[in-house]
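For reference, the structure discussed in these notes is given below.
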Amino acid sequence: MADRILVRVSGDKALAAKFKALPPAIARENLLTAVAAGAEVIKQAVKDNINTREGQLEDSIQIEATLVTKSRVAMNIGPEERMGFYGSFVEFGHTLRHSKPTGVRTTRHGIAKVVREKTTIGVVAPRPFMRPGFDQSVGNAIDAIMIRARRNIERVARTR
């Protein structure tokens, strides 16, 4: 859809140090589940901002992990691929155009092609749902990440 929004969660140095002390596979898994908890908060806010007439669009909102390392996780939140183009029409608005044939022309290879005239009929106003959903929920998402990360660290500490 639009440009990516980067959210960097930092500030709890003790928690970061505990993650760095974990073996890489365990750190990745626990960081992924913590960030997924925050992404779920944003996903729900995005879904809540979709106009109720857009049922298929609402059902298509998904979370996808795109980068997972020991210290970084990236998540994409938005319409799945089959609805992505439609989501951008809703988020940013679009023009309605009508195309009608106005004649025929011959290409330099002797092929006849129909010439069409495109006429703008109107403009569909944007009904943003992604950006407002993010803006409304980013604070709660960061809280959810921190809570889940602490829980994960405590769970790992108990099992070691």
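Here are some notes:
- For region 1-15, the count of residues that are under 14 Å from F134 (Cβ atoms), modelled with pLDDT of 75 or more and among the β-branched types (V, I, T) is zero.
- Of everything in region 64-117 that is small (G, A, S) and part of a strand (DSSP E or B), the residue that is nearest to F19 (Cα to Cα) is A74.
- Check on L57, outside any helix (DSSP H, G or I) and under 19 Å from R127 (Cα atoms): no
- Meets criteria (under 30 Å from T33 (Cα atoms) and surrounded by fewer than 16 Cβ atoms within 10 Å (Cβ to Cβ)) for R158: yes
- First in region 128-157 and in contact (Cβ under 8 Å) with a residue 60 or more places away in the chain, second anywhere and surrounded by fewer than 16 Cβ atoms within 10 Å (Cβ to Cβ) and among the hydroxyl-bearing types (S, T, Y), Cβ under 8 Å, 6 or more apart: R148/T33; N152/T33
- Residue list for region 118-137, restricted to those being basic (K, R) and either over 39 Å from the mean Cα position of the chain (by Cα) or assigned to a loop (DSSP other than H, G, I, E, B) (or both): R127
- Extreme residue, modelled with the highest pLDDT, among residues of region 41-90 that are of a type in the set (A, V, I, L, M, F, W, C) and surrounded by fewer than 13 Cβ atoms within 10 Å (Cβ to Cβ): F85
The values are calculated or read from the model by the stated rules, or taken from the named source; none is laboratory data. Here the structure is a predicted model, which means the values were calculated and not measured. Cβ coordinates were reconstructed from backbone atoms using ideal geometry, including for glycine residues, and neighbour counts include every protein chain displayed.
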